[in-house]
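All remarks here apply to the structure that follows.
Since every read-out is calculated from the coordinates, none of them should be taken as a lab result. These numbers come from a predicted model, not from an experiment. Backbone-built Cβ (ideal geometry, glycine too); neighbour counts: all protein chains shown.
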Amino acid sequence: MQIVIGSDHAGFHLKQELAQWLQQSGYQVEDVGSHNPEPVDFPDIAYTLCSKVRENRALRGILVCGTGVGAVIACNKVNGIRAAVCHDVHSAHQAVEHDDVNVMCMGAQIVGPWLARDLTEAFLKAEFVQEADFIRRVEKLSQLEQRN
């Protein structure tokens, strides 16, 4: 599975650890930055990451910032992206299963490396449940993008 991963400066160290772990686990990982702990604006990284997910160059994206909040706001501004902040394993898999989330955001100031790995594993192993209720709701999410 192709994964695109990114972070701002606050999430840089956790992103580095996750990227290495993902590669060791057999995933193809594209790191879109930041590439050092110097200050960077998270919306720029979010847009680059989301563009790759949206263009099907990556099946799923992971974005790490300080809390995950700024990252998820930025990601959800991009058409075709459904992002969720996940700091617990249940949300990480259910976001995909029920809402077809394609970008998971997390906060490096909230979770440590071991929990980040558990969240990532739950997110990547989850599959969208192809039931009428979930399909209808995700279609309505897409329709909301067209109203603006």
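Side notes on the structure shown:
- For peptides 114-120, 137-143, sequence by mean Cβ density within 10 Å, most packed first: 114-120, 137-143
- Degrees separating the helix 89-99 axis from the principal Cα axis of the chain, which is the longest one: 40 degrees
- For the range 43-99, radius of gyration divided by Kirkwood radius, i.e. Rg to Rh on alpha-carbons: 0.94
- For the pair His98 and Phe134, the difference between a 0.36 nm per residue extended length and the Cα-Cα distance amounts to 12.4 nm.
- Relative contact order (%) - the chain, alpha-carbon pairs under 8 angstrom, separation at least six: 23 percent
- Tally of Lys pairs whose C-alpha atoms are under 21 Å apart, taken over the chain, 8 or more apart or cross-chain: 5
- Inter-probe distance in nm under a simple model that places probes 7 Å from Cα toward Cβ, at Glu121 and Gln20: 1.8 nm
- Net length gained if the chain between Met1 and Arg147 were fully extended (0.36 nm per residue, minus Cα distance): 49.3 nm
- Degrees separating the helix 132-146 axis from the principal Cα axis of the chain, which is the longest one: 70 degrees
- Size of electric dipole in the range 1-125: Cβ of Lys, Arg +1 and of Asp, Glu -1, about Cα centre, debye, nearest 20: 220 debye
- Correct choice for semi-axes √(5λ) of the Cα gyration tensor in Å that was computed from the model, options [x] 21, 19, 15; [y] 23, 17, 13; [z] 27, 18, 13: [y]
- Per-residue Cβ neighbour rank within 10 angstrom, fewest leading, Ser7, Ser91, Ser25: Ser25, Ser91, Ser7
- Working note: 222 nm ellipticity from helices only, DSSP H runs with n ≥ 4, each -39,500 (n - 2.57), summed and divided by the residues of the chain, gives -15000 deg cm²/dmol to the nearest 500.
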